[in-house]
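> The structure under discussion is supplied below as structure tokens; questions concerning it will follow.
The values are calculated or read from the model by the stated rules, or taken from the named source; none is laboratory data. No experiment lies behind these values; they were computed from the predicted model shown. All Cβ positions, glycine included, derive from the backbone under ideal geometry; neighbour counts span all protein chains shown.
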Amino acid sequence: MSAPLVIFFVLAAIAVAGAVSLIVQRHPIHSALSLIVVMVALAGLYLLMGAEFVAAVQIIVYGGAIMVLFIFVIMLLNAGEEERTNFSKLALYAGIPMAVAVTGLISAAIVNSSAVAAQPVTLTSTRTLSTLLFKEFVYPFELTSFLILVAILGAIVLAQREN
Amino acid sequence: MNEFLTHYAFLIVPIIKIAILVFIVLTVDAYLTWIERKVIAHIQARWGPHRVGPHGLLQPLADGVKFIFKEDPMPAHVDKVAYFLAPFITLMLALTSLAVIPFGPQHFAVFGYESGVGIADVNISLLVLFAITALAVYGVALAGWASNSKYSLLGGLRSSAQMISYELALTLSVVGVLLIAGDFSLRSIVDQQAGSGHGLLSWNVFPQIIGFICFFIAAIAETNRVPFDLPEAESELVAGFHTEYASMKFAMFFIAEYTSMITVSCLATIMFFGGWLSPFPDSWTFTHYLPSVLMIPFGLWVIFDGIRYENLFGRLVLPVVGTVLTLIGAGLIVFPVFNDAIQGIFWFMAKVFTFLFVYIWMRGTLPRFRYDQLMSFGWKFLLPVSIANVVVTSVVILWRMH
């Protein structure tokens, strides 16, 4: 087994373990911490694919900014441990079949496309990425940022409604 | 054996370099506490530590021994996992962030493996650094939350709010430098400041003076130092997020704080003050003797001070230290090879220690911000100014291109 493959399996195992822990943990802070582990493991996977810029941004934006807000809000609300509920009927009849179907679909796709995975990894430079983003895809990029701006304005309007 | 070394050099060389760097950084951290206590003491017309060793020079060692042997009680009803993880996260991230910093210009090959003065020379080193600082909030926030104490919780909350707010200004203030350099690599940012050999005139601090001021203010806030040390405002919060920590766990927070001071000083040196470049023009080769010129008088002064020191231990040790320093200074004149090799590291260290001194000086001078002042300063002044700096810099660069 080659070194990148070993690293891939280690990171993938960490990501999956973090995701499982996110659901199983009963305390919101522990769940949020597990989610940070998932984010950082995903950044490692991006790095393995040669997307260094995406990996750094994944940690800065998701691992840093967004998850800090999650933790901040949980701490501010002082949310306590959650009670375990009974196994819901919806999960039994709709959830499990859906999960099995999605897993089957993804595994089928991976098995059928084994040739694609053998491509050599090339490092995409930050310069190439930014040229693509600001020249070829400038309209979708700017539209997305406009969408985020609208969402921020909406949040401010909702927060200010009381006054 | 030799084949093994060349084959695994990519693994062995960084591990050795990490060990050396961690040793150096921890020693500098320890003596930074001594310098801080001495400088603040003299600002306040006191003596500072002077009992343990000559001039209190063995005080850091005594502190270390005390930290190790102190009892480490754990408060009741703490969240055990987070309580244990928090100091480790904080210290690990603080030490990791030093890994991408280049300390000097040299490249050398060990066991056929090419490497520089610094652990990892990645081409997105600045982004990696910001990614690591982005995660540093968790150590403080978790410590505050897990301690099950209202002082800790308030300290942790304040600290995370402060770090989120000032991280934006910190990141935006360096965009100007990135636009000038056109690269994320710290090494090429320094190389670009070499210009055409006119010394300090081509450093980034002159076109980016506003960026530098924003960066330095935000950096002080990020490292939780005076006047932004609200997370541990002792008159209001006892000791803030680390109230419930004792012994080695407390020491880990302490070491992390001093390490991030070093990291931020290194970053300011690299981004704005030309890193390892000399402030003098390249043609002034006589400035290469500056390390010796400083070191020999200092060594002689240590000898002179040591001979008439008040106790026997000092009279024995200080002259020896002074002789060693003088001999090193003289040796640099005799062997120009070594003298040329240390030039880069000498200037880098000189700049970093200047910043560290400013940190300590401010702690002895400035009062603490009030919480609302801190927030309105960060969001309503620092952030708009750094955004304006980005806009003006880009317009000027665009203008020059056409």
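> For the range B:247-299: of the residues being more than 17 Å from B:Asn224 (Cα to Cα) and β-branched (Val, Ile, Thr), which is surrounded by the most Cβ atoms within 10 Å (Cβ to Cβ)?
Out of the qualifying residues, it is B:Ile270.
> Which residue is farthest from B:His50 (Cα to Cα), if the candidates are limited to the range B:308-318 and must be of a type outside the set (Gly, Ala, Ser) and surrounded by 12 or more Cβ atoms within 10 Å (Cβ to Cβ)?
The residue in question is B:Leu316.
> Which of (1) in contact with a Lys or Arg (Cβ under 7 Å, 6 or more places away or on another chain); (2) under 23 Å from B:Leu135 (Cα atoms) is the odd one out, the single condition B:Ser247 does not satisfy?
(2)
> Here are the criteria: (1) within 30 Å of B:Asn2 (Cα to Cα); (2) out of contact with any His (no Cβ under 9 Å at 6 or more places or on another chain). Tell me which single one B:Thr90 does not satisfy.
So B:Thr90 meets the others, but not (1).
> Take A:Ala17 and decide whether it is surrounded by fewer than 18 Cβ atoms within 10 Å (Cβ to Cβ), in a helix (DSSP H, G or I), under 16 Å from the mean Cα position of the chain (by Cα) and facing chain B (nearest Cβ under 10 Å).
no
> Test B:Ala109 against the stated conditions and say whether it is more than 30 Å from B:Leu142 (Cα to Cα), out of contact with any helix residue (DSSP H, G or I) (no Cβ under 7 Å at 6 or more places or on another chain) and not in a loop (DSSP other than H, G, I, E, B).
Considered against the rule, which asks whether it is more than 30 Å from B:Leu142 (Cα to Cα), out of contact with any helix residue (DSSP H, G or I) (no Cβ under 7 Å at 6 or more places or on another chain) and not in a loop (DSSP other than H, G, I, E, B), B:Ala109 comes out as yes.
> Additional query: Here are some conditions: (1) within 14 Å of chain A (Cβ to nearest Cβ); (2) closer than 20 Å to A:Ala43 by Cβ. B:Leu178 meets all but one. Which one does it not meet?
B:Leu178 satisfies every listed condition except (2).
> Restricting attention to the range A:68-84, which residues are in contact (Cβ under 8 Å) with a residue 12 or more places away in the chain and within 8 Å of another protein chain (Cβ to nearest Cβ)?
Across the range A:68-84, the qualifying residues are A:Ile71, A:Met75.
> Please enumerate the residues belonging to the range A:96-130 that are in a helix (DSSP H, G or I), at pLDDT below 85 and surrounded by 10 or more Cβ atoms within 10 Å (Cβ to Cβ).
A:Ile110, A:Thr126, A:Arg127, A:Thr128, A:Leu129, A:Ser130 - these are the residues of the range A:96-130 that are in a helix (DSSP H, G or I), at pLDDT below 85 and surrounded by 10 or more Cβ atoms within 10 Å (Cβ to Cβ).
> So which residues in the range A:60-95 are part of a loop (DSSP other than H, G, I, E, B) and over 30 Å from B:Met163 (Cα atoms), if there are any at all?
If the condition is that a residue be part of a loop (DSSP other than H, G, I, E, B) and over 30 Å from B:Met163 (Cα atoms), then A:Glu83, A:Arg84, A:Thr85, A:Asn86, A:Phe87, A:Ser88 are the ones that fit.
> Next question. Conditions: (1) crowded, with 18+ Cβ neighbours inside 10 Å; (2) more than 30 Å from B:Phe84 (Cα to Cα); (3) more than 16 Å from the chain's Cα centre (by Cα). B:Phe228 meets all but one. Number of the miss?
Among (1) crowded, with 18+ Cβ neighbours inside 10 Å; (2) more than 30 Å from B:Phe84 (Cα to Cα); (3) more than 16 Å from the chain's Cα centre (by Cα), B:Phe228 violates only (2).
> Against the conditions (1) closer than 22 Å to B:Ala246 by Cα; (2) assigned to a helix (DSSP H, G or I); (3) touching a helix residue (DSSP H, G or I) at 6+ places or on another chain (Cβ under 7 Å), where does B:Asp72 fall short? Just the number, please.
Every listed condition holds for B:Asp72 apart from (2).
> Still on this model: For the range B:156-175, how many residues are within 23 Å of the chain's Cα centre (by Cα), within 11 Å of chain A (Cβ to nearest Cβ) and among the hydrophobic types (A, V, I, L, M, F, W, C)?
The qualifying residues number 4.
> Residues that are surrounded by 17 or more Cβ atoms within 10 Å (Cβ to Cβ) and within 12 Å of chain A (Cβ to nearest Cβ): does the range B:60-81 have at least one?
Scanning the range B:60-81 turns up at least one residue that is surrounded by 17 or more Cβ atoms within 10 Å (Cβ to Cβ) and within 12 Å of chain A (Cβ to nearest Cβ).
> Of everything in the range B:208-225, what is at pLDDT below 85 and more than 17 Å from the chain's Cα centre (by Cα)? Give them in sequence order.
none
> Could you list, in sequence order, the residues of the range A:37-67 that are facing chain B (nearest Cβ under 8 Å) and either surrounded by fewer than 17 Cβ atoms within 10 Å (Cβ to Cβ) or of a type in the set (Asp, Glu) (or both)?
Within the range A:37-67, A:Glu52, A:Ala65 meet the criteria.
> Further question: So which residues in the range A:21-36 are of a type in the set (A, V, I, L, M, F, W, C), away from chain B (no Cβ under 11 Å) and either in contact with a strand residue (DSSP E or B) (Cβ under 9 Å, 6 or more places away or on another chain) or touching a residue at least 12 places away in the same chain (Cβ under 8 Å) (or both)?
A:Leu22, A:Leu35
> Looking at (1) at pLDDT 80 or above; (2) closer than 23 Å to B:Thr243 by Cα, which one does B:Ala41 not meet, given that it meets all the others?
(2)
> Go through the range B:136-158 and report how many residues are part of a helix (DSSP H, G or I), surrounded by fewer than 24 Cβ atoms within 10 Å (Cβ to Cβ) and touching an Asp or Glu at 6+ places or on another chain (Cβ under 9 Å).
2
> State which residue pairs qualify: first residue in a helix (DSSP H, G or I) and inside the range B:281-295, second residue surrounded by 18 or more Cβ atoms within 10 Å (Cβ to Cβ) and acidic (Asp, Glu) in any location, beta carbons under 6 Å apart, and separation of 6 or more residues or different chains.
none
> With within 11 Å of chain A (Cβ to nearest Cβ) and assigned to a loop (DSSP other than H, G, I, E, B) as the only criterion, which of B:Asp121, B:Asp183 stands out?
B:Asp183
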